[in-house]
1. How many residues, within the range 61-96, are out of contact with any Pro (no Cβ under 9 Å at 6 or more places or on another chain) and under 14 Å from Gly23 (Cα atoms)?
2. Can you tell me which residues in the range 127-148 are in a loop (DSSP other than H, G, I, E, B) and of a type outside the set (Gly, Ala, Ser)?
3. Could you list, in sequence order, the residues of the range 75-99 that are assigned to a helix (DSSP H, G or I) and closer than 15 Å to Phe25 by Cβ?
4. Taking Arg80, is it at pLDDT 80 or above and loosely packed, with under 14 Cβ neighbours inside 10 Å?
5. Report yes if Lys57 is in contact (Cβ under 8 Å) with a residue 40 or more places away in the chain, assigned to a helix (DSSP H, G or I) and basic (Lys, Arg), otherwise no.
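The values are calculated or read from the model by the stated rules, or taken from the named source; none is laboratory data. Everything quoted here is computed from the prediction, not taken from an experiment. No Cβ is skipped: glycine too gets one built from the backbone with ideal geometry, and neighbour counts run over all protein chains shown.
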Amino acid sequence: MYTDLYKAWKAEIGKREPQPLPGDFYQKTETYLGGLEQEIGSIDQHSVKGRLTIKEKKIGDRLLRELKEMRAQKLLETVRKGETINETDLTEEERRFVKDFEVSLQNLKQAEVKEKPAPVEETVELSVVRFLQDIPEIVGTDLRIYGPYKKEDVGSLPNDNARALVRQGAAREIEVRGIVKPGKN
């Protein structure tokens with residue numbers, strides 16, 4: 001099995017798409033590595049056979065990890081680009097991985113569409129006012145921040161905000177010449 005693992009790892013290097021693997025490749029490899037782990041526990045680890053078995057297990061673990069990482073990267077890139085994948089070349093775990101990723105990617109795209117309503121540019125009419133007292137920052141009806149203003153400052157605010165301040169005696173509306181306000185012809 002070590003030879004099969006090494007050949008699969010070597011075949012992936014430098015290739016753009018995942019190379020064919022049997023559907024049960026990872027299961028067989030995990031069983032093989034698990035067998036090495038048991039063997040290590042039952043032999044003299046200082047003997048030549050023990051040291052070779054430990055080295056074989058260590059290299060096998062590394063090859064399997066790198067093989068999975070290379071293949072996962074290739075699969076993610078292929079799915080992200082919307083290219084087709086020949087599922088017969090994948091292991092059972094990789095088929096599930098690709099399916100889950102495709103579903104997740106589709107859900108993200110749908111959520112993105114739902115979260116981005118078409119921007120509606122709402123024009124808010126402004127009034128020019130002179131402030132009769134200090135006013136802290138306020139949020140206008142257009143959801144923008146206005147202020148802070150000091151007494152005797154002049155500024156423009158959305159009509160609704162300006163009217164509220166005038167009613168409270170905190171500001172006085174200034175009529176600007178040359179500008180015709182709606183309803184005041």
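1. Looking only at that region, the number is 6.
2. The answer is Leu132, Gln133, Asp134, Pro136, Glu137, Thr141, Asp142, Leu143, Arg144, Pro148.
3. Of everything in the range 75-99, those that are assigned to a helix (DSSP H, G or I) and closer than 15 Å to Phe25 by Cβ turn out to be Leu75, Glu87, Thr88, Asp89, Glu92, Glu93, Glu94, Arg95, Arg96, Phe97.
4. no
5. For Lys57, the condition - in contact (Cβ under 8 Å) with a residue 40 or more places away in the chain, assigned to a helix (DSSP H, G or I) and basic (Lys, Arg) - is not met.
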